[in-house]
Each structure stands twice: as C-alpha cells, then as structure tokens.
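Worksheet for the structure shown next.
The values are calculated or read from the model by the stated rules, or taken from the named source; none is laboratory data. For clarity, every value in this text was computed on a predicted model and none was experimentally measured. Cβ coordinates were reconstructed from backbone atoms using ideal geometry, including for glycine residues, and neighbour counts include every protein chain displayed.
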Amino acid sequence: MWWWGMAFAQDAGESKGPSVTFTNDVELRYWQVDQRLPDPDDVPVFDYWEQVDRLNTVVSEGIFTASLQLDEVALWANRYYLDDVLFVERELVTPGTPTPFPTGVDVYLNPEKVSGRFELPHATIVLGDAYVAFGRGLALNLNRNVDIDIDTSLQGVKAVLRPGAWDLTLVAATANRQQVFQDNPNIGIYGDLRHRVAGVRAERFGLGPANIGAHGVVYDFVETTGFASFADDPVAADAIVGGATTELIGVAGIDWFVEGDVYSYGHDLALPDTSPLGYAGYLSAAGYPGPFVILVEGKRYLGVERVNSKLTPELYEVSVGPTLEYERVILEDTSAAVNSNDIWGARVQVDWTAVPGKLVPYVAVATFRDLDTTGLHFNDVPETIGHLTTGLEYIDGDRAVLFNTGVRVDDRDGNTDGADRLVHADLSTNFPLPGGLLAYVSAASRYFAWGVNGDLQQAPFGDAESSWGLTRGKVTGTVSLDWTANPLVRSTGNLSDSVYIGGELQVKPARAWTVKAFYGAQKAGIRCSGGQCRTLPGFEGLRLSAVGTF
C-alpha cells in the first residue's frame, strides 16, 4: 500500500516535500480540595497540581497523511510520608496499566491516536485510528465530542470506496477510548477495553431525488483490558445491528430523511423477560414555505440503549441517535429520558426569517412518551413529557443576541406520583462598546420541581450561571458567577456553599496561539452534547492553558 501510494504521488508530479503541523494543548491545574485532616484541620494538605499535555502531529506527503496524538499527564503534591509511611492521596494509574514510567512516579504518557491515511482517486483508506458514523448514528456513532471530554475512536482499518454514484464504507477495528482527560481530573487511569467492532455501509446517491443506504454492525464487548482480550475473551457477537436510510430532496417541497434499525442481542446483553430484539426508527421532514422553515422530527426507540450498557463505566457510547431534546437544560431527572430504553416522541420547530440575514425568532414543541422506569429514572411509572421552547437569534455585525426560554412537564401516570416541572431561560449576547471594546454576556437559569419520589424525595431547586467578558484587541477578560441549590450537585462554592465565582484572562499573542489563566470555582453538573450526557465535576483553584499550532 505504501509503495502504491508513493508511485501515485510521483506520477502526479514532483513532490515539494512533506508538510508537518504540530498542535499542542497544555494545561496546568491547581486543584483546591475541601478535604482536611483532623489535625491540623486548617491546612489544605490534599490540594494538588495536575499537568496535562496533548500534542497532535500531522505529516502529509502526496496522497499519504500520518497522524499521531501523544497524551501526557502528571500529578504533583500527590504523595507524602507520615510516620515514615508513604501515603498516596490519589492513584493516577491503576496497577498493571502499561506505562513507560516506574511504579511510584505520578506521570503517564500514551501514544493515544496513531493513523495513516491514503487518499486515492476513488477511495480513502485509514490504518489506525478513525472516527465512524452510519446514518444518524443509531447503529454506530463514534466521533470526537470535546464539549464533554469524550474522544473514543476505532483503531484498525477503515476504507471508504467511491465507485461512481456509490459510497461503500467498511470498518474492522477495536474501540480506543482516550486514557487522559483534557478537562476532567485524571484519576485511576486504566488500559483500553478493546471492544471489537465490524461494520459496513453502502450508499447510493442520485436516484432521482433519492439517496438510499443500508448498513450492518457487529459488536463484541470484552471484559479484559489490552490486546490480551483476544485470547481471554472468545469472539462472540454481543450485538448485531442492521438498518437502512432513505433521503428525499425536494419531494413535495420537503426534504425527508428516514432511518430504521433492528438490534439483536446475545446472551451477555440478555435481560430477564425481555425480547432479544430491539428497534429504532427516526424521521425528519423540513419544509420552507415563504419566510418560514418548518422542521418535524419523530423517533421510536426500544431496547436501543442496551448496546451501550457495557460501556457505562467507560463514559462513552457507540450508538447515539437524535434525542429531539434541548440539551442545554438536561438535569439528573431529565437525563433518564435521553437514555431511555423504551421511548417515542416528536418535535416540531418553526423558524421565521423576520429580518433576512439578521433576525430569526422560533418556537418549538416536543412531546415524548417514556415507558422505561429502570436505570436513571427516578419515577416508577411511565411518563408523558411535554416541552415548549421559544427564542430568537439576532446577528448584525458585532451585535448578536441568542435567547431561549421554555417550560417542560414530565407528567407521571396516575394521580399519586405528580409531575416533574422545569422552567428555564438562557441568553448569550455580544455588542461593541466605546474605546474599541467588545462585550460578551452569557446567562442561564433553571427552576425544577420533582414529582413524588418516595424515599428519594427532594425539594424543588434552582440554579443559575453567568459570565461577563470584555475584549480589546488580543486580550479578553471574563468573570463567571454560578449558583446552585441542586442537592445532587457534588461540589462546593468558594463564596458560599452554593455560590461560585471565577475570573479568566485570555491572550492571543499570535493568530495560532491562545493562552488562558483562570482562578476561582465552577460548579459541577450534567452536560449533554450530541446525544451523550456526562456528569462533570466542579473545579476550584488555578488553571493555566496554552494552545498553539506551528
């Protein structure tokens, strides 16, 4: 393959030499920890430093591109002696995890992503790490999700063949979850669980207004880290997913998309009194009457989340379909509907171009029927969910306003369990000020009241977050202020138990470089992005970072 690629490059013309690009993202964090020893009780002995570095190298020559992502993390002030006995406050690397450093050194280095890509006239072939998604992601969806610090790739072989009007995608690989988190604390690093994934998708374009596709994926989940799993865990299909998609452009003035998938589970994912089959259906239709855009979506998912159940401790998913949710307001209770194993729903959004190129108000209504009462659900009876949101987008040069507000009710069946209720609003705006200043303001608030949860009953609570920034030239200063009364949030504020304040200074010394310094505290909470949710820890302390490309 290499010599074939080199020969093709020579035929295309004289090479000008390889192109080499480095992108480095380094962070230094000082974590302030509330924990104290009984004596002395006023000394922050559990505070520690964490340094994280991610170096991406890309080398391109002709049709060939090689990429390497090197991740490193180190902890300082993490060990101490008491009465000649060594105490380790937090374990960076679990015993048995491959590392180039000796035991007792709180440093970890890992070549996280390695790949070689060949770009041929009618094909792209990747050896090593690649990201893959089929259709809308219900059968397979592994992409970088930096918003919630998830970066799982498939490591093996990926080929995309393009004969004429066809795209044929083939992948045979193992899951490669990142060991080093870029934004979250690194504790208890362990090796990869090399789950095996094989899939194929065929797409045919240009059948009149139609594009059609079909795909199949086989999953084999392992329980032993490292490549030793190939010997310790016999190959067996834990889940097989097959599906098809149809896209219709401009039929009856509407753009259509529909996907259907069927899931078949092996004995490792079997559940008592539950069918070994699951299915998923998704439909979207977008119309454009006059100044309006009308988007209608529908979904029906049954037994879909079982394919992700083995991955819960690893904090990522392989099947991530459209949720139809407004993800910014997801809480501990509402996250259960995002990951429901038995749900159907629909959403309608109408955008109105009130002022072309400047002002677009919208209104959206979503409704769901969640029949699942297991897993993350606080309710023990099914729910009917309604969510109304409205807002606007205004952009005019340096002036912009993004505003959203809504009401959500999760009505539980019967007359005794009540309903969960959520009211929310968020605003982001920027505008110029005299003296060459540009101001940024972002704010969001929520009020949530629970239904009847029995022994788990919680009081209603609210939370709010805001940031206020000024930019002049290459310098930006920001102050953030958070407040939460959520009893499920596991963090403590620095102004009071429920109030968090912080400040950040950002400097861009060059176009490709950004340097940041933050000091203060930020609250913990659930964050959702791209159909996945993750509980992010709070932070209190100092954080320095530099990102640059050269």
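Residue under question is H424, and the condition is that it be modelled with pLDDT of 95 or more, under 19 Å from V329 (Cβ atoms) and in contact with a helix residue (DSSP H, G or I) (Cβ under 6 Å, 6 or more places away or on another chain); does it hold?
Yes: the conditions hold for H424.
Kindly provide the set of residues from the range 172-218 that are β-branched (V, I, T), part of a strand (DSSP E or B) and over 22 Å from S309 (Cβ atoms), ordered by number.
Step one: filter the range 172-218 for residues β-branched (V, I, T), giving 174, 180, 187, 189, 197, 200, 212, 217-218.
Then drop every residue that is not part of a strand (DSSP E or B), which leaves 174, 189, 197, 200, 212, 217-218.
Once the filter is applied, which keeps residues that are β-branched (V, I, T), part of a strand (DSSP E or B) and over 22 Å from S309 (Cβ atoms), the range 172-218 yields I189, V200, I212.
Could you tell me which residue of the range 100-123 is surrounded by the most Cβ atoms within 10 Å (Cβ to Cβ), considering only residues that are more than 26 Å from the chain's Cα centre (by Cα) and under 21 Å from L161 (Cβ atoms)?
Only one residue tops the list, namely F118.
Take the range 451-488 and flag every residue that is under 14 Å from E332 (Cα atoms), of a type in the set (A, V, I, L, M, F, W, C) and touching an Asp or Glu at 6+ places or on another chain (Cβ under 8 Å).
Passing the criteria: A485, L488.
Output the number of residues of the range 60-96 satisfying the condition of being loosely packed, with under 15 Cβ neighbours inside 10 Å and in contact (Cβ under 8 Å) with a residue 40 or more places away in the chain.
The total comes to 3.
Checking G493 against (1) surrounded by 14 or more Cβ atoms within 10 Å (Cβ to Cβ); (2) over 30 Å from L456 (Cα atoms); (3) modelled with pLDDT under 95, only one condition comes out false. Which one?
(2)
Find the residue count for the range 323-369, including only residues that are among the aromatic types (F, W, Y) and buried (at least 18 other Cβ atoms within 10 Å of the Cβ).
Going through the range 323-369 one residue at a time, the tally reaches 2.
Only residues in the range 454-481 that are closer than 30 Å to D398 by Cα and touching a residue at least 60 places away in the same chain (Cβ under 8 Å) count as the first member; pair them with residues that are in a strand (DSSP E or B) and of a type in the set (G, A, S), Cβ under 8 angstrom, at least 6 apart or cross-chain, and list the lot.
Once the first residue is closer than 30 Å to D398 by Cα and touching a residue at least 60 places away in the same chain (Cβ under 8 Å) and sits in the range 454-481, its partners that are in a strand (DSSP E or B) and of a type in the set (G, A, S) give D463/S445; D463/G525.
Sort out which residues of the range 372-408 are surrounded by fewer than 15 Cβ atoms within 10 Å (Cβ to Cβ) and not in a strand (DSSP E or B), and write them in order of number.
Result: T374, G375, D380, V381, G397, D398.
With the condition kept exactly as written, say whether any residue in the range 497-512 is within 22 Å of the chain's Cα centre (by Cα), of a type outside the set (F, W, Y) and part of a loop (DSSP other than H, G, I, E, B). Spell out how you get there, then give the answer.
Taking the range 497-512 and keeping what is within 22 Å of the chain's Cα centre (by Cα), we get none.
Taking every residue of the range 497-512 in turn, none turns out to be within 22 Å of the chain's Cα centre (by Cα), of a type outside the set (F, W, Y) and part of a loop (DSSP other than H, G, I, E, B).
I'm checking my understanding of the structure. Among residues of the range 228-248 that are in contact with a strand residue (DSSP E or B) (Cβ under 9 Å, 6 or more places away or on another chain) and assigned to a helix (DSSP H, G or I), which one is modelled with the highest pLDDT?
Checked the range 228-248; the qualifying residue modelled with the highest pLDDT is F230.
Return the residues of the range 463-490 that are at pLDDT 95 or above, touching a Phe, Trp or Tyr at 6+ places or on another chain (Cβ under 7 Å) and of a type in the set (G, A, S); say none if nothing qualifies.
Those that are at pLDDT 95 or above, touching a Phe, Trp or Tyr at 6+ places or on another chain (Cβ under 7 Å) and of a type in the set (G, A, S): A464, G469.
Determine, yes or no, whether A210 is more than 29 Å from R527 (Cα to Cα), surrounded by fewer than 16 Cβ atoms within 10 Å (Cβ to Cβ) and not aromatic (F, W, Y).
Working: more than 29 Å from R527 (Cα to Cα): yes; surrounded by fewer than 16 Cβ atoms within 10 Å (Cβ to Cβ): yes; not aromatic (F, W, Y): yes.
So A210 fits the description; yes.
Read through the list (1) within 28 Å of V338 (Cα to Cα); (2) among the small types (G, A, S); (3) free of Cβ contacts under 8 Å to residues at least 40 places away in the same chain, then give the number of the only condition that A252 fails.
The number of the failed condition is (1).
Inside the range 1-41, can you point out the residues that are at pLDDT 70 or above, under 18 Å from V58 (Cα atoms) and outside any loop (DSSP other than H, G, I, E, B)?
S19, V20, T21, F22, T23, N24, D25, V26
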